[in-house]
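Note sheet for the following structure.
The values are calculated or read from the model by the stated rules, or taken from the named source; none is laboratory data. Just so we're clear, the structure is a prediction, and the values are computed from it rather than from any experiment. Reconstructed Cβ throughout: ideal geometry from the backbone, glycine too, with neighbour counts over all protein chains shown. Protein only, heavy atoms only, side chains kept; ligands, DNA and RNA dropped before computing areas. Shrake-Rupley method; radii C 1.70, N 1.55, O 1.52, S 1.80 Å.
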Amino acid sequence: MLGEVLDVFPSSSFRLRSFVDCTLGAAGHSCAIIQAHPELQTYIGLDVDPMAHEKAQSRIGDMLKSIPSCSNVNMKPHILLRNFKEIKQVIGQVEEKLLLSGVDGILMDLGMSSMQVPYFHSIGAAWIGYLGSFKVNEVDDPGRGFSMLNNGPLDMRMDPKGVDNALVENLIFSFLFLFDVCFTCHGQWQGILKAEDILNSWPPAEVGRILREYGEESNWYSLQIKIAKARLGGGFHSTSDLVDLIRGKSAGVKGGRQGWIKTAARVFQALRIAVNDELKTLENSLYSCFDCLSPGGRLAVISFHSLEDRIVKQTFLNIINNNIQITAEEEGGHGVEPRKFDDEPTTEKEAWIKQVVKGPSGIILTKRPITASAEEEKLNSRCRSAKLRVIQKL
C-alpha cells in the first residue's frame, strides 16, 4: 500500500521533519517517504530481523548517495536493530529533544516482509494469514519453530536470545500451577516461554482458549482434547509432532491437503501470538507511538489479520479519549466509544479522508480502514487483507 502511505504523509501539504518506520523490512516505504520529503531531517528505521536490517541499511544508503533530492546534509538516517516496542527509548537515544517536541510521522506495517516471498507462493493463502505480523526470513528458518512444512523445535520465540534454561523454565511453570497464576498475563516470561511449554504444560482449557481467540480456530475444542491426550504419549517436542496431530485430526475433512494446512496455519499462529504476547505488545506499542508524536503528527498502521486490526481500531478509540489505556473487559467488552463523528469532509482534508472520529486527544482520520485498490490487488495478492488506519495527535 505504498501509494496510500504516501497519501497519508503528502509532500504537498504535510511537513515531515522527523519520521520513524517501526517495521523497516526491505525499506520500500521508507525510501519512498525519504524521496518525497527532502525537508526530512531525522529518520529512524527499526527492525528486529538482522537480514532485513542489513538490506535496508544498504538500500537507504545507496539511495541517499545516488538521488540528488535526497542529498540533504541535514538528513540524519538512523537504522537500528530494535523492536518497535522500544520506540521511546530509541528516540531518546537518537535525539533526546525529539521526546519533547515529538515526531511528525510514524509508520507500522504489520505485514510480512516482501523478501523471500516467492518461497510462499506455492504454499497458498493459509501461510499469508498465519504470518500476519511476522517476517518471512524468520519463518523460513526451521530452527526457529515457525515452519509447518520443515521439522524443527517447537520454539516460536521472536527473540530467541532470552534465557534458555530448562531448569528455570520448569521452576517458572511449577510456580504458575502451584499458585494458580493467570496464564493470560505471561508477558513477563517473554523470551523464556516456548510453544513446547504451552502444548505440554499449560492447562488444556487455556490451550483451547489460545486456539479459539488467537487462532480463531473453529475446531479448537477437539484439538484441545487431542493435545491433552497426546501428552500421555510423550507430548510435543518438534513441529512435526504438532503437524502430525493436526493432519490426523483433519483426515477426511473436506478440503483435503488445504484443509489441514489451513488448520495448521491457525494453530501455529495462535501459539506464536501466545509465546510472544504479540497482541498486548502491539497495543502497548500503539500507545507509546502516539505519545511520541508531535502536535499534528500522524501514526499510520497497516494490519493484515482481524486480530491485529481489531486491536488497532479499539486502541485508537481509547487513545483519542484522553489517551487512557482501558481494556475491553473494563468497558464491558466494548472499549471506549467515540465522542464525535464528522461525516462531512472539510476543505482542509486530503481527498483520502472520508470520515473521521474526534476526541479530546486526537483524531482518527480513518473511521473505516483504507484498503488496497483493485489495481494493487492484481499486482500483489498479499495486500487483499491489508487495512490501513491513521490517527493524528491534537
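Confirm whether Gly92 is surrounded by fewer than 17 Cβ atoms within 10 Å (Cβ to Cβ), at pLDDT below 90, outside any loop (DSSP other than H, G, I, E, B) and over 20 Å from the mean Cα position of the chain (by Cα). Can you show your working first?
Working: surrounded by fewer than 17 Cβ atoms within 10 Å (Cβ to Cβ): yes; at pLDDT below 90: no; outside any loop (DSSP other than H, G, I, E, B): yes; over 20 Å from the mean Cα position of the chain (by Cα): yes.
In short, no.
Just to be sure, is Arg231 among the basic types (Lys, Arg), over 20 Å from Met158 (Cβ atoms), open to solvent by 10 Å² or more (accessible area, probe 1.4 Å) and at pLDDT below 90? So Arg231 does not fit the description; no.
Candidates in the stretch 295-324 are the residues that are closer than 25 Å to Glu377 by Cβ and part of a loop (DSSP other than H, G, I, E, B); of these, the one that is modelled with the highest pLDDT is Phe304.
Scanning the stretch 239-246 turns up no residue that is of a type in the set (S, T, N, Q), surrounded by 21 or more Cβ atoms within 10 Å (Cβ to Cβ), under 30 Å from Lys367 (Cβ atoms) and at pLDDT below 95. Taken over the stretch 67-89, residues that are polar (S, T, N, Q), open to solvent by 80 Å² or more (accessible area, probe 1.4 Å) and either modelled with pLDDT under 95 or over 23 Å from the mean Cα position of the chain (by Cα) (or both) amount to 1. Filtering the stretch 325-342 for residues that are open to solvent by 40 Å² or more (accessible area, probe 1.4 Å), closer than 26 Å to Met158 by Cβ and at pLDDT 80 or above leaves an empty set.
Inspection of the stretch 169-176 identifies no residue that is out of contact with any strand residue (DSSP E or B) (no Cβ under 9 Å at 6 or more places or on another chain), open to solvent by less than 20 Å² (accessible area, probe 1.4 Å) and at pLDDT 60 or above.
The residue pairs whose first member lies in the stretch 264-281 and is over 14 Å from His305 (Cβ atoms) and among the charged types (D, E, K, R), whose second member is assigned to a helix (DSSP H, G or I) and open to solvent by 10 Å² or more (accessible area, probe 1.4 Å), and whose beta carbons are closer than 7 Å, counting only pairs six or more residues apart or on different chains, are Asp277/Gly187; Lys280/Gly187. Taken over the stretch 247-268, the residue count meeting the criterion of being surrounded by fewer than 20 Cβ atoms within 10 Å (Cβ to Cβ) and either of a type in the set (S, T, N, Q) or modelled with pLDDT of 95 or more (or both) is 1.
Contact annotation: residue pairs with Cβ atoms under 6 Å, 6 or more positions apart or on different chains, pairing a residue in the stretch 352-368 that is under 9 Å from Ile319 (Cα atoms) with a partner that is among the aliphatic types (A, V, I, L, M) and open to solvent by 10 Å² or more (accessible area, probe 1.4 Å), are Gly362/Leu394. Within the stretch 23-55, restricting attention to residues that are outside any loop (DSSP other than H, G, I, E, B) and of a type in the set (Ser, Thr, Tyr), the residue that is surrounded by the most Cβ atoms within 10 Å (Cβ to Cβ) is Ser30. Within the stretch 230-245, residues that are of a type in the set (Val, Ile, Thr) sit with their Cβ atoms under 7 Å from residues that are at pLDDT below 95 and assigned to a loop (DSSP other than H, G, I, E, B), at 6+ positions apart or across chains, in these pairs: Thr239/Gly145; Thr239/Ser147; Thr239/Met148; Thr239/Asn151; Thr239/Gly152; Thr239/Leu154; Val243/Met148.
If I ask for residues that are open to solvent by 20 Å² or more (accessible area, probe 1.4 Å) and either farther than 22 Å from Glu350 by Cα or not aromatic (Phe, Trp, Tyr) (or both), which ones from the stretch 2-22 would you list? Quick ask: steps written out before the conclusion?
Residues of the stretch 2-22 that are open to solvent by 20 Å² or more (accessible area, probe 1.4 Å), as a first pass: 2-4, 6-7, 11-15, 17.
Correct list: Leu2, Gly3, Glu4, Leu6, Asp7, Ser11, Ser12, Ser13, Arg15, Arg17.
The condition (being open to solvent by less than 20 Å² (accessible area, probe 1.4 Å), farther than 14 Å from Ser361 by Cβ and among the small types (Gly, Ala, Ser)) is satisfied by just one residue among Ser285, Ser294: Ser285.
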